[in-house]
Amino acid sequence: QVQLVESGGGLVQAGGSLRLSCAASGFIFSLNTMGWYRQAPGKQRELIAEITWGSNANYADSVKGRFTISRDNARKMVYLQMNSLKPEDTAVYYCSTDLGSRRYWGQGTQVTVSS
């Protein structure tokens, strides 16, 4: 079955960096767009970065220039390098993909940025 497992979250000071990883299985990873979403307390889940099968990337304005999404098709991994973190980046971060029939989500990983 489809599985997405995130890792790499944690507590970091403002200005610091974290790298999130997402391990995918159960579908043809190399053919699918992968996305990173986040949900802060009391807010809706939002798309912050996505990368196509051909590694074309798009970013939300709030993270552009600070976050970088990448993928390793051989390892079925997608990454989110987060630099210059701000307290407003505090959220649960989710890896996701839409396989047509439905959208799949990982369990999420908490990122907390202290001021």
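What the table below lists for this structure:
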read-out: Lone qualifier among L18, L4 - being at pLDDT 95 or above, surrounded by 19 or more Cβ atoms within 10 Å (Cβ to Cβ) and either farther than 22 Å from R102 by Cα or in contact with a His (Cβ under 9 Å, 6 or more places away or on another chain) (or both); value: L18
read-out: Residue pairs meeting the criteria (Cβ under 9 Å; at least 6 apart or on separate chains; first touching a residue at least 24 places away in the same chain (Cβ under 8 Å) and under 11 Å from N83 (Cα atoms), in region 12-31; second open to solvent by 60 Å² or more (accessible area, probe 1.4 Å) and of a type in the set (D, E, K, R)); value: A14/K86; G15/K86
read-out: Filter pass, G100 being free of Cβ contacts under 8 Å to residues at least 60 places away in the same chain, open to solvent by 10 Å² or more (accessible area, probe 1.4 Å) and either part of a strand (DSSP E or B) or closer than 16 Å to M34 by Cα (or both); value: yes
read-out: Residue satisfying all of: in region 1-44; touching a strand residue (DSSP E or B) at 6+ places or on another chain (Cβ under 8 Å) and hydroxyl-bearing (S, T, Y); nearest to F67 (Cα to Cα) among these; value: S17
read-out: Listing of strands (runs of 3 or more DSSP E) fully contained in region 26-86 that carry 1 or more residues being open to solvent by less than 60 Å² (accessible area, probe 1.4 Å) and more than 19 Å from G9 (Cα to Cα); value: 46-51, 57-59, 67-72
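The values are calculated or read from the model by the stated rules, or taken from the named source; none is laboratory data. As the structure is a prediction and not an experimental result, all values here were calculated from the model. Counting neighbours? That spans all protein chains shown, and the Cβs are built from the backbone with ideal geometry, glycine included. All accessible areas refer to the heavy atoms of the entire protein, side chains included, with ligands and DNA or RNA removed. Shrake-Rupley method; radii C 1.70, N 1.55, O 1.52, S 1.80 Å.
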